[in-house]
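Engineer: The following block contains the structure, expressed as C-alpha coordinates.
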Amino acid sequence: MQRNVDARWLQDFDAAMKRYFLIDHADAGMDEIELARYVDLRPHVAALQYGEDYDLQRVDIDWLSPMQR
(Lines give C-alpha, C1' and ligand atoms only; values in the text may rest on other atoms or scores of the structure.)
Protein backbone atom coordinates (compact mmCIF):
# COMPACT_ATOMS: atom_id res chain seq x y z
CA MET A 1 0.00 0.00 0.00
CA GLN A 2 1.49 3.33 -1.06
CA ARG A 3 0.92 6.34 1.16
CA ASN A 4 0.68 9.89 -0.05
CA VAL A 5 3.38 12.15 1.28
CA ASP A 6 1.90 15.14 3.10
CA ALA A 7 3.27 18.46 1.81
CA ARG A 8 3.89 19.81 5.33
CA TRP A 9 5.71 16.62 6.36
CA LEU A 10 7.86 16.83 3.23
CA GLN A 11 8.72 20.47 3.92
CA ASP A 12 9.77 19.62 7.48
CA PHE A 13 11.66 16.53 6.27
CA ASP A 14 13.57 18.61 3.71
CA ALA A 15 14.42 21.20 6.38
CA ALA A 16 15.79 18.42 8.62
CA MET A 17 17.72 16.86 5.73
CA LYS A 18 19.31 20.22 4.96
CA ARG A 19 20.14 20.77 8.63
CA TYR A 20 21.74 17.36 9.09
CA PHE A 21 23.13 16.59 5.61
CA LEU A 22 22.95 19.78 3.47
CA ILE A 23 20.67 18.07 0.92
CA ASP A 24 16.93 17.72 0.47
CA HIS A 25 14.93 14.75 -0.79
CA ALA A 26 15.34 15.81 -4.43
CA ASP A 27 19.12 16.12 -4.04
CA ALA A 28 19.12 12.63 -2.51
CA GLY A 29 17.17 11.27 -5.47
CA MET A 30 14.23 10.17 -3.34
CA ASP A 31 10.96 9.45 -5.10
CA GLU A 32 7.49 9.01 -3.56
CA ILE A 33 8.01 5.29 -3.09
CA GLU A 34 11.19 5.84 -1.10
CA LEU A 35 9.69 8.74 0.85
CA ALA A 36 6.72 6.53 1.78
CA ARG A 37 9.09 4.28 3.74
CA TYR A 38 9.69 7.13 6.18
CA VAL A 39 6.33 8.96 6.46
CA ASP A 40 5.34 7.13 9.63
CA LEU A 41 8.24 8.84 11.41
CA ARG A 42 8.44 12.44 12.52
CA PRO A 43 10.30 14.44 9.85
CA HIS A 44 13.55 14.97 11.80
CA VAL A 45 13.59 11.33 12.90
CA ALA A 46 12.94 10.26 9.30
CA ALA A 47 15.84 12.41 8.09
CA LEU A 48 18.20 10.91 10.64
CA GLN A 49 17.01 7.40 9.80
CA TYR A 50 17.51 8.04 6.08
CA GLY A 51 21.02 9.27 6.79
CA GLU A 52 21.76 6.18 8.84
CA ASP A 53 20.27 3.88 6.18
CA TYR A 54 22.52 5.40 3.51
CA ASP A 55 25.59 6.19 5.62
CA LEU A 56 25.37 9.95 5.11
CA GLN A 57 27.82 12.09 7.05
CA ARG A 58 26.11 14.62 9.29
CA VAL A 59 27.22 18.23 9.03
CA ASP A 60 25.68 19.40 12.31
CA ILE A 61 28.16 17.53 14.49
CA ASP A 62 31.47 19.02 15.49
CA TRP A 63 33.90 16.36 14.33
CA LEU A 64 36.93 17.94 15.97
CA SER A 65 38.00 16.54 19.30
CA PRO A 66 38.58 19.03 22.14
CA MET A 67 42.35 18.64 21.64
CA GLN A 68 42.10 19.80 18.00
CA ARG A 69 40.22 23.05 18.77
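Engineer: Can you give the net charge of the other residues whose Cβ lies under 13 Å from the Cβ of Leu22, counting K and R as +1 and D and E as -1?
Structural biologist: So the environment of Leu22 carries a net charge of -1.
Engineer: Share of Cα-Cα pairs in segment 7-61 beyond 18 Å, in percent?
Structural biologist: Pairs farther apart than 18 Å: 16 percent.
Engineer: What is the spin-label model distance, in nm, from His44 to Ile61 if the labels are put 7 Å beyond Cα along the C-beta direction?
Structural biologist: A separation of 1.6 nm, rounded to one decimal place.
Engineer: Quantify, in whole percent, the carbon and sulfur part of the accessible surface of segment 7-61 (1.4 Å probe; protein heavy atoms only).
Structural biologist: On segment 7-61, the fraction of accessible area on carbon and sulfur atoms equals 48 percent.
The values are calculated or read from the model by the stated rules, or taken from the named source; none is laboratory data. These numbers were taken from a predicted model, which means no experiment stands behind them. No Cβ is skipped: glycine too gets one built from the backbone with ideal geometry, and neighbour counts run over all protein chains shown. Surface areas here come from the heavy atoms of the whole protein model, side chains and all, with no ligands, DNA or RNA. Shrake-Rupley method; radii C 1.70, N 1.55, O 1.52, S 1.80 Å.
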